[in-house]
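Okay, so here's the structure we're looking at.
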Amino acid sequence: MRTPMLQRASNYDELCKQVDFRTMAIPEQFNLGVACVDEHDPHARAITVVAADRTSQDYTFGEVKEQANRLANALRELGIGPGDVVGVVNPASLETGVTYLALFRMGAIALPLSSLFGPDALAFRLRHGAAKAVITSTANAPSVREALDGAEGVPRLVIGSEPVHPGERSYERAVAATSSEFEPVTTNAESPAFLIYTSGTTGDPKGALHAHRIVFGHISAFETIFEFYPKPDDVFWSPADWAWIAGIMDILVPAWFYGLPVVVDLDGSFTAERAVWLMREFQITLTLLPATALRMIRAAEPDPGGFSFRSVCSGGEALGADLLRWSEEFFGATVNEGYGQTELNACIGNCASVYPIKPGSLGRALPGTTAVVLDEDGNPVLDQTGELALDRHHPNTMLEYWRNPEATEAKFHGNWLLTGDLCVQDEDGYIWFQSRKDDVIISAGYRIGPGEIESSLGAHDAVAMAAVVGVPDERRGQIPKAFVVLRPGREPGDTLADELRAHVRSRLAHHEVPREIVFVDDLPKTTTGKIMRRALRDA
């Protein structure tokens, strides 16, 4: 097992002194696919694959490396070389992990794509990303075929069945037919490794291109958030899709970089009952569970305890004191929140054993990260709302937006990467998320962020999930409107709506009370699990 980057610290300043990304000696030549497998015990467990019927199978690092080498040779035979983009449309699985390693090892660029994407979403990303080949599951193959209709010379490897269409090959046959020996391509730390498109809630998605060096920023971040992992018995699992930076860089790579096993569940749908069973059965010690997943588990009311957790990470939105307290009691472990975005992930978070958590905040800048809130003139400010900005001299910073120099230029302001998130930074350095810039509700001159209202609604015992948007109002310009998913056993109605308004009114300002509350069965979400407020505004 590699030596950790960080040593346990007694306070925040001592922790942060251990990392300086501006002076860090990152190797000039570095390959993520080599770092995640070559130095580990080939007989050690790398991945446990859980089938829908709850049976499971283990694979070692030696087996993963062999399959990655075979796949790299198969792709090379198809004409794929360094710098070529290869789409990957397959859920978290052995094959997906092997595919990423193979592409990294051969100097190609992985283009992860969610299995939830339809043909139009795939078509834009595959064509804009200039994919030279696609690796896909049998279930996703029809959408890929439709997305590539008319695109000549883009071979497809199909996982799980014999090919039935021209231009396709069986992934399994291709891997079995090639040599297990492959000499990894020498890549620089600055060489591109993968291309991930933003969720595209407004406008066309933008492709964030990341370099092999990204691992150095993530490992130090997750040694913090995961309470100074690695430990010999650590096991990773998360429902986070490996098509997104959270799944790849918060779970898969942190596990394999240190030679630790990761569990994947082939059952396609997330349910609280199965998640709780899996976490207990496979003695998961480290996980990433977004707030939505935590709320779903809480709403199902399973029995607490029986877990092996050391640390639970949550991200995507602030949990709030109520959900944070429940999560820690349920799992019997520390819950540390983390924040990041596709363009610069894993930059803000908590480490409860080193510095106190302020419930409702995103945490503080993680070791090596400099975070500020800028006012409209670009000046750092405290205790007032502005745009969160991050020092771009960070291994996690994207190289560029793919084929979009204008958007790349707009993303940066001098040495700052602009997140597009409106936040408040307090005098202790904690970051408090208010809203996305385009989610701000301006009502009677007040600037209202929906996050605080949603957190307040979520603390009510009748509410499973809530989302708040601004809707037009003749007198105030905009007013807050809430969409609420109730917990099982609670019935919607005017009486409950009045109760929820009173609940918010008693905890927040009068102008933050939702004037209208709509009870819904579910909320529209992006493939990353984030609530699509635009869809609610357009409803």
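List the residues whose amide H sits under 5 Å from the amide H of A133, counting only those 5 or more places along or on another chain, with H placed 1.01 Å from N in the peptide plane. The answer is G87. Relative to its Kirkwood radius, the Cα radius of gyration of segment 1-135 gives an Rg/Rh of 1.05.
For segment 478-539, the fraction of C-alpha pairs more than 13 angstrom apart is 67%. P(r) tail for segment 72-126: Cα pairs beyond 18 Å make up 34% of the total. Considered as an equivalent ellipsoid built on the Cα gyration tensor, segment 122-188 has semi-axes of 22, 18, 9 Å, the largest given first. Histogrammed with a bin width of 10 Å, the alpha carbon distances of segment 416-516 distribute as 15, 43, 31, 10, 1 percent, first bin at zero.
Grouping the Cα pair distances of segment 238-284 into 10 Å bins from zero gives a pair-distance distribution of 25, 53, 22, 0 percent in increasing distance order.
Could you tell me which of rounded, prolate or oblate describes segment 222-306, using a ≥ b ≥ c as the square roots of the eigenvalues of the alpha-carbon gyration tensor, with rounded for a/c under 1.5 and, failing that, prolate when a/b is larger than b/c and oblate otherwise? In terms of gyration-tensor shape, prolate.
Segment 405-450 and segment 249-275 have their alpha-carbon centroids 31 Å apart.
Close amide-amide hydrogen proximity is noted between S435 and L422, each under 5 Å apart and 5 or more residues distant or on a separate chain (H modeled in the peptide plane; Pro and chain starts excluded).
Here the 3J(HN,Hα) profile of segment 473-480, calculated from phi with Karplus coefficients 6.51, -1.76 and 1.60 at θ = phi - 60°, is 9, 4, 8, 9, x, 9, 9, x Hz, Gly and Pro shown as x. Here segment 265-360 has an Rg and Dmax of 13.2, 38 Å, counting Cα atoms alone.
With 19 Å as the limit, the listed pairs K481/K525; K411/K525; K65/K231; K411/K530; K358/K437; K411/K437 have K411/K525; K65/K231; K411/K530; K358/K437 beyond it between alpha carbons.
Geometric descriptor of segment 291-438, per residue, is 133 Å³ (volume of the convex hull of the Cα atoms). For A193, the residues whose modelled amide H falls within less than 5 Å of its own, excluding neighbours fewer than 5 places apart on the same chain, are H210, A211, H212. Rg/Rh for segment 125-261 stands at 1.00; both radii use Cα atoms, and Rh follows the Kirkwood definition.
The share of Cα pairs per 5 Å bin across segment 97-137, counted from zero up to the longest distance, runs 5, 20, 33, 24, 14, 4, 0 percent.
Inverting the pair-averaged 1/r between distinct Cα atoms of segment 416-457 gives 11.3 Å as its Kirkwood hydrodynamic radius. Computed over the chain, the P(r) tail beyond 43 angstrom holds 15 percent of alpha carbon pairs.
At each listed q (0.15 Å⁻¹), what is the log10 of I(q)/I(0) that the Debye formula gives for segment 28-212 modelled as equal alpha-carbon point scatterers? Evaluating at q = 0.15 Å⁻¹ gives log10 I(q)/I(0) of -0.88.
Compactness of segment 443-500 is given as radius of gyration and Dmax, 12.5, 39 Å, from Cα positions.
The translational diffusion coefficient of segment 1-81, from Stokes-Einstein at 25 °C and 0.890 mPa s with a Kirkwood hydrodynamic radius over alpha carbon pairs, comes to 149 µm²/s. Taking the C-alpha atoms only, the angle from helix 61-77 to the longest principal axis of the chain is near 70 degrees.
Every read-out reported here was derived from the displayed coordinates using simple, explicitly stated rules and does not represent laboratory data. Computed from a predicted structure; not experimentally measured.
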